[in-house]
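In what follows, a single structure is set out as structure tokens and then discussed.
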Amino acid sequence: RTAIITPSFPAAMAVLKAVRGRLLHAVSNPFHVRNDGGIPKECVEELEDGVLIVDQDTGKTVAFGEASEVLAREEYKDVSVDEYCSTQYLIIPGLIDCHVHFPQVDVIGAYGEQLLQWLQKYTFPAEAKYGDKPFVHARAQIFLQELLRHGTTTALTFCSRHKESVDGLMEEAEKLGMRLIAGRVMMDREEFAPDILRDGSAEESYEESKELLNRWHGKGRLAYAITPRFAITSTEKQLELAGKLAEEYPTAYVHTHLSENKTEIELVGKLFPDCPSYTDVYEKYNLLRRRSIVAHCIHLSEHEYSILEKRGSSIAFCPTSNTFLGSGLFSVKKCAEKMQNGNKEDGVYLGLATDVGGGTHFSLIHTMLEAYKVAQLGDGTPLSPIHAFYLATKGAAESLDIADCVGSFGVGMEGDFAVVDLHSNSLKKHRTSIADADIAQQIFLMMTLSGTGDIAATYVGGKRVFFNHQFDESLFSPPSPPPSRE
């Protein structure tokens, strides 16, 4: 059948919205089944002609299954349906980015050096501009549009050290109804935090973070992350207060970097000589727990993994930034051996991340391909397309402790979807049309031939916010000016 798609946004949305077509989602962790390059297809579910029906008032899925069965029900006979009923399209859960930097939308593609030099030369000067609220709103719209353009509907993101950077991003995400976790960066160590970004004091960073946490954490689909940049930019006092904040707010997230670059690791050893390892620094200050997400973790020792396992923390795998900045190759195979599963009490979680702007693409589909390459080079074992797909969807949701809300399909889940166009260019159309219909091969082609233009439509809470390379402009209107005091 030919897809029936109306190339315009409706003036008024129905209470219920159905999205119909070929559906694919992960239903279990493939790393629990095998970790040898094999393809555990039983870990995904594919419906050739499926349907998702979302209540647009709540943003929740109220029905999911075979279209012929669901749409025959009396209560759904008159529901409005967006149809993507051809082999050209694949409907997947909205993608989830486990680590990305909002202000670094301004430095993506800056000529790469090593991590610490790159931060000083490009990142810090760019982040210094994010104290201006109108500027932040404009950049937030660009950032969120890039996420949605690439099918990403949930993200865990660094802001800058300015309160305005968090407020502006959260306000724009709230207008869209997006699920977003963000936090104000904490950095107060004089030797490594430049004057333009350094906190006035550890106490200032604690108070401002607490203010933002109280304002945004749990507001709608938004959540707050306590965000010390990394150990070398924080004093002991700041890390102590970050840990205190984490203890005061047990449902808040902790988000930082860990063991990315060998020079960084050496500096941590000099700055914290009483700690046996980099990971021990965060452990000492009570920053590791279930909702702690640490990005990179390329050079972890067995001892460090044991700490993360005990705390049930999550690792954000950032393949494009790790290769771009020459930081190293993350071992997926080693991490998989440490993963939480039903057979052991302790374990880490693993999710995929773009890490823009050290990362080189907003597309998590493209990042899946880079993860495959890193596993080939680092482990000598390919990352199967089923494993890669899991890390960008259900696995990422488990890493962020929100798998009961997003990352897969089901009644009661939030209505975040991406519609992948497998014919978005002539080569993809040719290659997918002659390829084996096997779902693993189709995912692998989606990864291998990925790029901007992969996504035909993106839904947030059941509402189509991106379609036919256009956004619903009403969602990106300029912020209202402050009321006059006259």
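The values are calculated or read from the model by the stated rules, or taken from the named source; none is laboratory data. Keep in mind it's a predicted model, so treat the numbers as computed, not measured. All Cβ positions, even for glycine, are placed from backbone atoms using ideal geometry, and neighbour counts span all protein chains on display.
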Scanning the stretch 378-413 for residues that are part of a loop (DSSP other than H, G, I, E, B), at pLDDT 95 or above and not aliphatic (A, V, I, L, M) gives S384, T393, D401, D404, C405, G407, S408, F409, G410, G412
Picking from S201, S277, S259, the residue that is under 26 Å from G328 (Cβ atoms), assigned by TED's automatic domain parsing to the domain that holds S327, surrounded by fewer than 24 Cβ atoms within 10 Å (Cβ to Cβ) and of a type in the set (S, T, Y) would be S277
Check: Does G243 satisfy being under 18 Å from E204 (Cα atoms), modelled with pLDDT of 95 or more, of a type in the set (G, A, S) and assigned by TED's automatic domain parsing to the domain that holds E190?
Finding: yes
Within the stretch 359-386, restricting to residues that are touching a residue at least 40 places away in the same chain (Cβ under 8 Å) and polar (S, T, N, Q), the one that is farthest from T153 (Cα to Cα) is T381
By residue number, the members of the stretch 42-70 that are under 15 Å from K394 (Cβ atoms) and in a helix (DSSP H, G or I) are E42, C43
(1) outside any loop (DSSP other than H, G, I, E, B); (2) surrounded by 24 or more Cβ atoms within 10 Å (Cβ to Cβ) all hold for I142 apart from (2)
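Okay, residues lined up against (1) surrounded by 23 or more Cβ atoms within 10 Å (Cβ to Cβ); (2) among the β-branched types (V, I, T):
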position: T153; (1), (2): yes, yes
position: E174; (1), (2): no, no
position: E191; (1), (2): no, no
position: E208; (1), (2): no, no
position: R221; (1), (2): yes, no
position: T233; (1), (2): yes, yes
By residue number, the members of the stretch 72-107 that are over 17 Å from H366 (Cα atoms) and in a loop (DSSP other than H, G, I, E, B) are A72, R73, K77, D78, V79, C85, S86, T87, Q88, F102, V107
Reported set for the stretch 108-123 where residues are part of a helix (DSSP H, G or I) and either touching a Ser or Thr at 6+ places or on another chain (Cβ under 7 Å) or surrounded by fewer than 18 Cβ atoms within 10 Å (Cβ to Cβ) (or both) is L115, L116, Q117, Q120, K121
Of L377, L400, the only residue that is closer than 20 Å to P319 by Cα and surrounded by 24 or more Cβ atoms within 10 Å (Cβ to Cβ) is L400
Output for Cβ contacts, cut-off 7 Å, separation at least six or different chains, first residue buried (at least 22 other Cβ atoms within 10 Å of the Cβ) in the stretch 86-98, second of a type in the set (F, W, Y) and in a loop (DSSP other than H, G, I, E, B), reads P93/F409
- Task: Could you tell me whether any residue of the stretch 418-430 is basic (K, R) and either within 20 Å of the chain's Cα centre (by Cα) or in a loop (DSSP other than H, G, I, E, B) (or both)?
- Result: no
The correct count of residues that are without any contact (Cβ under 8 Å) to a residue 60 or more places away in the chain, of a type outside the set (S, T, N, Q) and within 30 Å of K219 (Cβ to Cβ) in the stretch 245-286 is 12
